[in-house]
Amino acid sequence: MEQPHNKARLVAIHQMLFEMARGNFHGRIPLSSHDDDLETLVVLINMVAEELKASIFQIGYVNPHHTPPIISHMSLLLDDSLNITSYTWNVLSFLGYSEANLMGQPIQNFLTETSYDALRSAIDAFREKDGFHYPLVLSFTTKDHLLVSVPCSIGLLLQQHTLILNFTSTLRQDSFKDVIPPTSEVNKHKTSNIRRSDAILIQKLYDYILAHLDDPLPSIRKLALHFGTNEFKIKEGFRFFFKTSIYKFYTEERLKRAHLMIQKTTIPLKNIASMNGYNDYPNFSKAFKKQYGYPPNKLNRPKAD
């Protein structure tokens, strides 16, 4: 279980389970070439997610612990070589990539091999039928290596040779992927000199923090070095976009995850503290009580079997 490939698979499993706990049943864990118990677990988790997605969303599921998901309509514009030439901003939230990693890239980089072949066949059929609406289901690969299958349709811009790939999925309202604020908001903060490149930088920092909640938060200086910038820019930029400090955000997100784990699992409290970066349970309990007004052991938990 200590091999690097097993650690990576465990990270994907943990992430998938937490996304399901948040009410997102659209992700899938990619299968590997390893025929072992861990791979069996991956298959079972994917099956559970598919069953939940099929059954729960038919009745309008709303997760009471988080802002409910919203239906989001997205579009990708493709040239004749099937390279991405433009897109709606919510595609960044859907795939988890930054603008620099998406614009001009082949759509093949973000689809499974089977889906890419299906897309090519659909485009051929679309062109043969002179623009007849052609629906299909494609499986995208997100930055976090989860597979998300969505219904799509192919269109064509009038008087142009640009294909439009339209699709619909659900996104949580509390996800913060489109970090570029409205123009009016930027005008209010001209002295901050916020540029698009700054927004992308802060987005990367945001993603980094969420991906390392079980690790100690590096110092601002080390974070600045890691992202190739200066301390002032990441501190002020993060506060501008998220209205809080880096450390406070990191602490609150760790405690949110711990709260969810306590409420939904029977994992011992000391283990939950350790899994969320607290090596000392009293410190975890103190921080938890400060955040929620009661200690961890006062939260209602499911009964152990």
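Here are the numbers:
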| quantity | calculated |
| --- | --- |
| Descending Cα extents along the principal axes, segment 249-298, whole Å | 24, 20, 18 |
| Gain upon complete extension [SER274, THR114; 0.36 nm per residue less C-alpha separation] | 53.6 nm |
| Förster radius 30 Å - calculated FRET efficiency between LEU52 and LEU225 (Cβ-Cβ, nearest 0.05) | 0.10 |
| Spin-label model distance (nm) - ASN101 vs ILE164, 7 Å beyond Cα toward Cβ | 2.8 |
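Since every read-out is calculated from the coordinates, none of them should be taken as a lab result. Keep in mind the model is a prediction, meaning the values are calculated, not measured. Backbone-built Cβ (ideal geometry, glycine too); neighbour counts: all protein chains shown.
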